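Peer 1: Sharing a structure here in structure tokens format.
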Amino acid sequence: MHSRLMIIDDEEHIRSALACFLEDFEDFHVRSAHSAELALQELQREQADLCIVDIRLPAMNGPEFIRVCREQGLCRHHILHTGSTDFRRYVDIETLGMCDDDVFQKPCDSMVMLERIRKVLRES
Amino acid sequence: MASRKSLFRRLSLSLGLLSTVIILVVSTLVFFFLSWRVGNQMQERAANTITFLAQALETPFWALDRESAAAVAEATSMDVNVGLLELRDSRGEEWFGYNTGNSLFIIREAEVRHDGQVIGFIRLGLEDSVRQKSLAGIGLAGGGIALLVIIAQYCLAKRLLRHYFQQPFAALDSLVGAYARGNYTQVDPGVYYTEFEPLVNAFLGMGQTIERQVSTLAESEEKYRVIFDNSPVGIFRSTLDGELLEGNVALGHMFGYSSREDFLASNGLRVEPVYADSSAREAYLRELLASPKALSREMKFVRKDGMYFEGVLTASIQQDADGRPVFLNGVVEDVSARKQAEERLRQSEEKFSRLFRLSPDVIVVMNMTEGRIVDVNEAFSRLTGFAYHEAVGKTAQELGLYTDPAMREFVRRRMQTTGQIDNVDFSLGCKDGRTISCVLSSQLLTVGDESCVMAVLRDVTEFKRMQELMIQSEKMISVGGIAAGVAHEINNPLGIIMVSSQNLVQRTRPDFPKNIEVAENIGLDMNLFDRYMQVRGLYDFVKNIQDAAVRAADIIRHMLDFSRRSESRRTTCDLRSVIKRATHLAGNDFDLKKSYDFKQIEIFWECDDNFPVVSCTETEIEQVFLNLFRNAAQAMASAQPQIVEPRIVVRMKAEADRVVLEVEDNGPGMPPEVQRRAFEPFFTTKPPGVGTGLGLSVSYFIITRSHDGQMRLESRPGQGTRFIIELPLSGPGPQKEDECIHDS
């Protein structure tokens, strides 16, 4: 059984590189979207097990996307993957139901992220 | 008062009596004249009647016709005046007799003759009653007239007297009455009789004179009253035995009374209670009695509210006509304000003299003419090293205070032209040959009668350093600001590099199942590919890409430290254990590339007893000390010639409101230009890749911004470097641990 992952990032190369990295592992089915709105459409078609979400996105931002997902029951687990360093000033990750381990600051070690994804999915 | 007799009445009465007497005398005379005349008339009548009878009776007597004679006699006796009528013949025979019996006034007898022959006798008597009646009538009429005249005269006199005397006198009386009431501006009372004119004029003149004198007196009194009332000093008059007779408003105010009346009514008019020392008055009076003049004495007085004040009493004795001292007249002046002013002046003088002596700025006073030093303060001696006695009397040039001769010329010219210098940079020469950066301000000053220059020199060494640090700090803050902005933009590409290079690593791995599968599908020998990668060093390139990305990410993270204040994760820290941990971390940091071995370095601890706990963010302070230890170790390791016994001294000193932490090495030290830039971001003396140039900047930032402390360095090339960190003390209470570790 494949785990369904969704990558939302407006940076195309991050999106594709991360997708390539994760697709190499047989147990993941990876989809990606460059905006939160598009991702929501895609998720409404088919839900995901975990979303890797950038914070700064073109229209709806990452935290907002996570909230909507939770409300609509589109996805249960999320990982924040952000290039900004001061996100804690405006994002309270605890209210999003996340912890520090769910936050990855770019550039990060993809292997560490992989481990976290597996751990989260395993625990659920 | 006994009842006075009325002149007017008297006068009226006197005039009445006088006229009565005159009228009575005149009436009496008239009466007597008239009665005389009546007597005469009756005698004439008697004579005429008897004569008539003698003639008329001649014939009857001759003819002895008794009847005719009786008829004649009868007819005559019909007259009311006739009281007695007797007719007799020559023989004496009575022919006729008539007698009323009433008293008779005149009796006449006549002979009736015929041819010379007496033929009969006639005796006639006239009655007195008729005469008396007429006289009574005259008397009554005269008396009545006289009475009327007297009454009329009395009334007239009274009226006239009233008109001519009583009214003028009343007018004069009202004039005098007005004067008596103090109204001297009277007009002519309207008495137009010559006799009164001098009197009226005299009275009016008197009124004017009095008015003039009264107004002069009032003016004079007013003048002195104004002086008395408005005098700022208290004026009084009292008896020698202490009864207050008079006092002015100022006196009242001085003693705390709202009005003069209030003052005069108080104390039962006694003066003794106002003297703070009750014997002072007696002593003063004794002195005054012995002195011919007024005396001034300073005394302490008591106000109404019981407060004391200093006053100067000046008084003199006034004697009575017999030369006995009776009154004390004088003034009291409140000098407490003056005394306070004097005291303030004295304090001010003391303050300024203390200010001069203890001023942290150097103050030098020189005379204008020769430039010789007149006075210097303690800061001067402290800064230049010249003691007071070494400096005074010398010129600034002799002492070598001017390091730049042009400056001396500039100062002299400026003082002569404008008389003032404001904040001019000045390099001050010291006794030991050092020069100190100062700012000079000077002004002209008159000391005694000598024109002097007062020069104030402020040591700005510290200020300049602070200024440099401020600039540094500003630079770092701006770096932080930029960093926060660009971090996101750089992190994204770094993320791409990172993931992509990791993908490269992963997809070239010969043991990765997916790679093997894809290689098989295209007929690639994975082992051969792996060798190719190794031989061509492609793995290394990929590794380098990854390292570079990590390094770049590190730099970004450090840069961001500038923009971040520590998020109040402050705890009370035992700084010694924090620093100790930093030494351990530095010890584990042995790195071939960084080419030093921390364990070779000896660390000395010099720690004050009772070093307090300090509120700080432990990890940050640890980072700062780790940085300092690494820098020290790297500097000592790279020193040429090599340092034989590298050592680091850690000093921990507790002061009143702060702690001072020092890290001192015996390394090569820093040249001045490096010292200046040591805290600058991205400034490094290490080879590329070894240092980012951010360690000290971040440390500086942590100390100054996150911990409100200070950080500075002292270094001399060849003698090592000392970093000094000062942290403010917020949480009091000495540290409980026993002792500091020395020579660990």
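Peer 1: Could you check region B:487-529 and list, in sequence order, the residues that are in contact (Cβ under 8 Å) with a residue 24 or more places away in the chain and more than 7 Å from chain A (Cβ to nearest Cβ)?
Peer 2: Result: B:490, B:501, B:504, B:505, B:508.
Peer 1: Does residue B:695 fit the bill of being of a type outside the set (Ser, Thr, Tyr) and either modelled with pLDDT of 80 or more or surrounded by fewer than 16 Cβ atoms within 10 Å (Cβ to Cβ) (or both)?
Peer 2: yes
Peer 1: Then there's this: Can you list the helices (runs of 4 or more DSSP H) found entirely within region A:1-85 that contain at least 1 residues being closer than 16 Å to residue A:107 by Cα and within 14 Å of chain B (Cβ to nearest Cβ)?
Peer 2: The qualifying helices (runs of 4 or more DSSP H) are A:12-23.
Peer 1: Which of the residues that make up region A:86-114 are charged (D, E, K, R), within 12 Å of residue A:55 (Cβ to Cβ) and within 8 Å of another protein chain (Cβ to nearest Cβ)?
Peer 2: Residues satisfying the conditions are A:86, A:106.
Peer 1: If only one of B:20, B:49, B:28 is surrounded by 15 or more Cβ atoms within 10 Å (Cβ to Cβ), β-branched (Val, Ile, Thr) and closer than 30 Å to residue B:157 by Cα, which one is it?
Peer 2: Exactly one of B:20, B:49, B:28 is surrounded by 15 or more Cβ atoms within 10 Å (Cβ to Cβ), β-branched (Val, Ile, Thr) and closer than 30 Å to residue B:157 by Cα, namely B:20.
Peer 1: Out of B:97, B:120, B:83, B:125, I need the residue that is of a type outside the set (Val, Ile, Thr), part of a strand (DSSP E or B) and surrounded by fewer than 17 Cβ atoms within 10 Å (Cβ to Cβ). Which one?
Peer 2: B:97
Peer 1: Restricting to region A:56-76, name every residue that is touching a Gly at 6+ places or on another chain (Cβ under 9 Å) and either surrounded by 20 or more Cβ atoms within 10 Å (Cβ to Cβ) or free of Cβ contacts under 8 Å to residues at least 12 places away in the same chain (or both).
Peer 2: Within region A:56-76, just A:66 meets the criteria.
Peer 1: List every residue pair whose Cβ atoms sit under 6 Å apart, with the two residues 6 or more apart in sequence or on different chains, where the first one lies in region B:174-196 and is surrounded by 15 or more Cβ atoms within 10 Å (Cβ to Cβ) and the second, anywhere, is part of a loop (DSSP other than H, G, I, E, B).
Peer 2: Taking only residues 6 or more apart or on different chains, the pairs are B:175/B:186; B:175/B:189; B:178/B:186.
Peer 1: Wholly within region B:567-680, which helices (runs of 4 or more DSSP H) include no fewer than the required count, namely at least 3 residues that are of a type in the set (A, V, I, L, M, F, W, C) and either out of contact with any strand residue (DSSP E or B) (no Cβ under 8 Å at 6 or more places or on another chain) or touching a residue at least 12 places away in the same chain (Cβ under 8 Å) (or both)?
Peer 2: Here the list reads B:575-588, B:618-637.
Peer 1: Counting only residues that are assigned to a strand (DSSP E or B) and aliphatic (A, V, I, L, M), which one in region B:222-260 is nearest to the chain's Cα centre (by Cα)?
Peer 2: Only one residue fits best here, namely B:235.
Peer 1: Related question: Which residue pairs have Cβ atoms closer than 8 Å, lie 6 or more positions apart in sequence or on different chains, and pair a first residue in region B:361-373 that is within 17 Å of residue B:409 (Cα to Cα) and free of Cβ contacts under 8 Å to residues at least 40 places away in the same chain with a second residue that is in a loop (DSSP other than H, G, I, E, B) and among the acidic types (Asp, Glu)?
Peer 2: No pair meets every condition.
Peer 1: Ok, one more. Filter region B:261-299 down to residues that are in a helix (DSSP H, G or I) and either without any contact (Cβ under 8 Å) to a residue 24 or more places away in the chain or of a type in the set (Val, Ile, Thr) (or both), then give me how many there are.
Peer 2: Counting residues in region B:261-299 that are in a helix (DSSP H, G or I) and either without any contact (Cβ under 8 Å) to a residue 24 or more places away in the chain or of a type in the set (Val, Ile, Thr) (or both) gives 16.
The values are calculated or read from the model by the stated rules, or taken from the named source; none is laboratory data. Note that the coordinates shown come from a computational prediction; the quantities given were computed from them, not determined experimentally. A quick note on method: Cβ atoms are made from the backbone with ideal geometry, for glycine too, and the neighbour counts reach across all protein chains shown.
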